[in-house]
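Worksheet: one structure, shown below.
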Amino acid sequence: MKCRTAMTTANLLIGLIVALAVLVCIVAVVQLDVTGKKGSGLGKEFTFEVDTYIDPNLILYEESAQPISTAFAASSAVAIGPNDCLYVAGDKAIKVFSENGSLLATMELADKPAGAGAGKPRSLAVSDDGKVYVGMPDHVEVYDGQGNQLASWDSLGRDAVLTSIAVSKTDVFVADAGNRIVLHYDTTGKLINRIGGKAAPVGGAEGNENRNIPGFVIPSPHFDLAVAKDGLLRVVNPGRRRIEAYTLDGDLEFWWGESSVAVEGFCGCCNPVNFALLPDGGFVTCEKGLVRVKVYDSEGRFVGVVAGPDQLIEAGQARICQFPDQCRAGAFDVAVDSKGRVFVLDTIKNLVRVFSKKKAG
């Protein structure tokens, strides 16, 4: 009897210990901040500030004109068209400005019923003959110089997020951040092939798994591209912090860029967010978080800075974002005209700032 009583008491104690452990776990889970809204939980003495200092000798550009107000509630993209006219996408329209910043025209975009490709423009490109290609959330629309709609291409599905368009004489390239792929069309909207993904390209060509293509890493909806003068397509792989060069058939030729907080590199979860090509073949890049606009030569070597955080955003807004949700604002866009002037679209204040290279001496 004594043995049975001892065993019963021992079992009771074990049961109480297990129950207490379960209760502690439940309390810990309830108090766990999975959203990050409660902050780090550290005192003010543990708040770290990002060093935004850039050596003045590296800043090669200066503002050369008054900022251009877009008057948009939400601007999204900027491009240069014929005669160096400036095109800005925002709300549900495209605005056209002269090279001196005067408003020339406002092109209202065609309305779409809810669920049928409705939404605001996310990207745009202008061809040499003045046609405007607009990237809506899931499809491309084409307009003439007077704002008349010429075409509306097929939807790419609910997962599509079209973030960039590049146009050459016979080809149109569309970056789809939602599906992590570049789509290669002719100018009529016929799909030619897919570039940069794991699936086999259209037409039964060799699959990318045999091309040693790692695929695009796109943590946030920022995925830019452009056609360079050497005929290769340049595409940002933001999660890998680099710019890649592809043939029009989809072969990966080379890449450049490194992950670094230093001014020469790209930092955070996903940078650069946008870029533009200079007349000499170099690159102008935009970063979010630690907002910087920088210049690299045609081989990807760091040249200098157009503007840093202290010039582009308010004090205290700069941060290094390890997760996309930490940087929901500040993904600026950039364009370059034939004179080499850099137009930076400030998507926070909805204005365009103009930078020109400093004169020697």
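More than 19 Å from the chain's Cα centre (by Cα) and at pLDDT 95 or above, is that true of LYS190? Yes: the conditions hold for LYS190.
Residue pairs whose Cβ atoms lie under 6 Å apart, sitting 6 or more positions apart in sequence or on different chains, and linking a residue in segment 86-105 that is among the β-branched types (Val, Ile, Thr) to a partner that is crowded, with 17+ Cβ neighbours inside 10 Å and assigned to a loop (DSSP other than H, G, I, E, B), are VAL88/THR70; VAL96/CYS85. Restricting attention to segment 127-180, the residues that are surrounded by 21 or more Cβ atoms within 10 Å (Cβ to Cβ) and at pLDDT below 95 total 0. When segment 314-337 is limited to residues that are at pLDDT 95 or above and surrounded by 23 or more Cβ atoms within 10 Å (Cβ to Cβ), the one that is farthest from ALA228 (Cα to Cα) turns out to be PHE332. Looking only at residues of segment 202-223 that are within 22 Å of PHE254 (Cα to Cα) and crowded, with 19+ Cβ neighbours inside 10 Å, we find that the one that is modelled with the lowest pLDDT is ASN208.
The values are calculated or read from the model by the stated rules, or taken from the named source; none is laboratory data. Remember, it's a predicted structure, so these values are computed and weren't measured experimentally. As a convention, Cβ positions derive from the backbone with ideal geometry for all residues, glycine included, and neighbour counts pool all protein chains shown.
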